[in-house]
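Everything on this sheet refers to the single structure shown next.
Nothing in this text is a laboratory measurement; each read-out follows from the coordinates by a stated rule. In this text the structure is predicted, and so the values were computed from the model without any measurement. Glycine gets a Cβ as well: all are built from the backbone with ideal geometry, and neighbour counts include every protein chain shown.
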Amino acid sequence: MSYKNLYLYPQNIFLGQTTSYEEADFALFGVPFDGTCTFLPGARFGPTVIREASCNLESFSLRSFRDAEDVKICDLGDVAVVLGDVNQTLDRVEKVVGELKQDGKKGIILGGEHTITLGAIRGFGRDVGVIDFDAHMDLRSEYLDQKISHATLMRRAVEEGVEILQIGVRSICKEEYEFISQKKWNYVTALEVEREGIKKAVDKIKEFQSRKDRIYLTIDMDVIDPAYAPDVGNPEPCGLTPSQLIDILENCDKVVGFDVVEVTHGGRITALVAAKIILELLCTIKVR
């Protein structure tokens, strides 16, 4: 049996329309999981509120002069997550993504907490280059006795041989700082973007992409300043603006998939920003 049929169930449709899986260039699904949340809960409602927000935005982009409604997207619904079991949930995400990869589809994943990204990375393969837009580095060895959580997923990815570039970081613990100091870590802080503009981030992205055949983007919505995106699991002041983030994203190439995670069910502001980011990416990413 197909993993898409086994693990996914229909929900509201992104942009209010969908095409057949066979004809689609992009396959979208949600992962309503926040089982390792340690601060503000509700990311499990992220896929629902992002879809709702998407239906209330105009689909035409004045950046690319393309219409997202012309992009062939199949909304597959949501993964049937295993409540309280992060490992089984990640396994399901990995298997679904692996099937999308096999079928030549670009994946779009709506979180859900950031931990779900680990399943997506595994599904696309360890050789995929990951560009992580996040306020936090998520490089702890463990957090609250958990080896796999929203605070450790990038550490697990590194241990599995994945190369990562992080953009927009501004929150770090001593353990993480010692880790990146030993690794000569590849990152750009939000402060650097604020003081110097987006050039350093764009240059880092272009250099990173030159060494990779495939790129996966993961966008933790807390990378954006809480003035614009307050409804996230772990808000952190002094972040990027939505325009800064989209300006940077326009320089991403070789993209095989992306996720937008950590949107909670608080207000609708963050969901609207998340939906806008997805719309702009859909109009920017090269299909072939």
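Observations on the structure shown:
- The trypsin sites (Lys or Arg not before Pro) found in the range 79-144 that occupy coil by DSSP, while having at most 13 further C-beta atoms within 10 Å, are ARG126.
- For the pair ARG63 and LYS183 in one chain, pulling the backbone fully straight at 0.36 nm per residue adds 39.5 nm over the alpha carbon distance.
- When each of LYS4/LYS204; LYS147/LYS184; LYS72/LYS184; LYS4/LYS199; LYS105/LYS204; LYS212/LYS276 is checked by Cα-Cα distance, pairs over 31 Å: LYS4/LYS204; LYS72/LYS184; LYS4/LYS199
- The helix-only estimate of mean residue ellipticity at 222 nm for the chain, built from DSSP H runs of length n ≥ 4 each weighted as -39500 (n - 2.57), is -10000 deg cm²/dmol after division by the residue total.
- Charging the Cβ of each Asp and Glu at -1 and of each Lys and Arg at +1, and nothing else, the dipole of the chain about its Cα centre rounds to 580 debye.
- Taking the DSSP bridge list for the range 3-284 and keeping only pairs wholly inside it, about 15 percent are antiparallel.
- When only Cα pairs below 8 angstrom with a gap of at least 6 residues are kept, the chain shows a relative contact order of 23 percent.
- Cα gyration tensor, the range 1-116 - rounded (a/c under 1.5), prolate or oblate: oblate
- Per-pair calculated FRET efficiency, R0 = 30 Å: ILE13 and HIS265 via Cβ, rounded to 0.05: 0.95
- Whichever lysines have a C-alpha closer than 17 Å to that of LYS206, once near sequence neighbours (fewer than 8 apart) are set aside: LYS254, LYS286
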